[in-house]
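The values are calculated or read from the model by the stated rules, or taken from the named source; none is laboratory data. These figures come from a predicted structure and were not determined experimentally. Here Cβ is always computed from backbone atoms with ideal geometry, including for glycine, and neighbour counts include all displayed protein chains. We work out accessible area using only protein heavy atoms, side chains counted, and drop any ligands, DNA or RNA first. Shrake-Rupley method; radii C 1.70, N 1.55, O 1.52, S 1.80 Å.
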Amino acid sequence: MSSTPRHIVVAINPSAAFGKNPAAGEQTVSALEAAGYRVTALRAENYDLLRGQLNRALTLTPDALVVVGGDGMVSLAVNMVAQTSVPFAVVPAGTGNDLARGIGLPVGDLSSCISKMVESLSREPERLDLGRITSVDGSEVRWFASILSAGFDAIVNERANAMHWPKGKSRYTLALLLELFALKPVRYSLTVDGVHREESAMLISVANNSTMGGGMKVTPEASMRDGMLDVFVLRPLSRLRFLRLFPRVFAGTHVTEPEVVIERGSTVVLDAPGIVAYADGERVWALPAHVDVVPAAVRVFV
């Protein structure tokens, strides 16, 4: 390391995992300073304020961005640094942590994650693909690292995000069970690489990574390094059948079932009445949406 420490911006979500890791930000900052980096730590009461702080900090072109939190913080990061020269690293202190799983971090062991993050800063960052969501009129663009969901899973996300109890992964499971009573197929308009079809499905997801929702292996073969998107379709099934199939998602063994269809493509156009899209667990907008993959769109320390 040179005599002038490199400048690292650290963006901290103080309520990550509902406050289960309140010291994660301070531990990260301390570890970086101990390694000789000059650190600008950003903290705010909500995402909008933090986004404003981060936007201003990035105008100074730091050497790297480190986000401390879950996939919401990853979403904030990729939407700030996609297709820029600023690389980023993640300390997975949130509930989902699906990007962290995708790049091989030891999720659940905060100290090891911080140590591995600091170590990774000494190497060249790796270029990873991102998914890009564009509104029909082209006026809005959003980026995602892991998975865009549209259907029953997005409806569950809507409910789960509004809940304050229980904490952690069980919140999503409870929301799923509550929404199960209204489970019904949706009629989608789906176009993959220019080939259009109408599809009756419980949900459709567009994946750049293998997991969502804190480790559910929805598309177990998806990769952030192959320049492709995996399109997951769950065709109509009964509530009982859904309950039997759902636990298998955590092991990725659901993919052999007849109701599950996974195909690959580089562009996806998706529409359905009354369905709101979520990406990396964050609300995007109501369909329709145009999704494409941008290879090597972001630099990540792994």
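Miscellaneous remarks
- Coordinate range along principal axes, alpha carbons of region 126-182, Å, largest first: 35, 32, 17
- Tensor-based shape of region 40-97 (alpha-carbon gyration tensor, a/c under 1.5 rounded, otherwise prolate or oblate): oblate
- Counting only DSSP beta bridges with both residues in the chain, the antiparallel share comes to about 75 percent.
- Projecting label points 7 angstrom from Cα along Cα→Cβ for residue 123 and residue 159 puts them 4.1 nm apart.
- Within-9-Å neighbourhood charge of residue 285 [Cβ basis; K, R +1; D, E -1]: +1
- Solvent-accessible area per residue for the chain (1.4 angstrom probe, square angstrom): 43 Å²
- Apportionment of accessible area to carbon and sulfur, region 199-294, percent (1.4 Å): 56 percent
- Stretch gain in nm, segment residue 177-residue 115, where the contour uses 0.36 nm per residue and the Cα spacing is subtracted: 18.6 nm
- Overall dimensions of the chain, expressed as equivalent-ellipsoid semi-axes from the Cα gyration tensor (√(5λ), whole Å, largest first), are 33, 21, 17.
- Longest site-free stretch - the chain; sites: GluC sites (Glu not before Pro), DSSP loop, at most 14 other Cβ within 10 Å: 46-139
- Distance between modelled label sites at residue 264 and residue 235, nm, 7 Å Cα→Cβ extension: 2.2 nm
- Accessible surface of region 81-127 [probe 1.4 Å, protein heavy atoms]: carbon and sulfur percent: 44 percent
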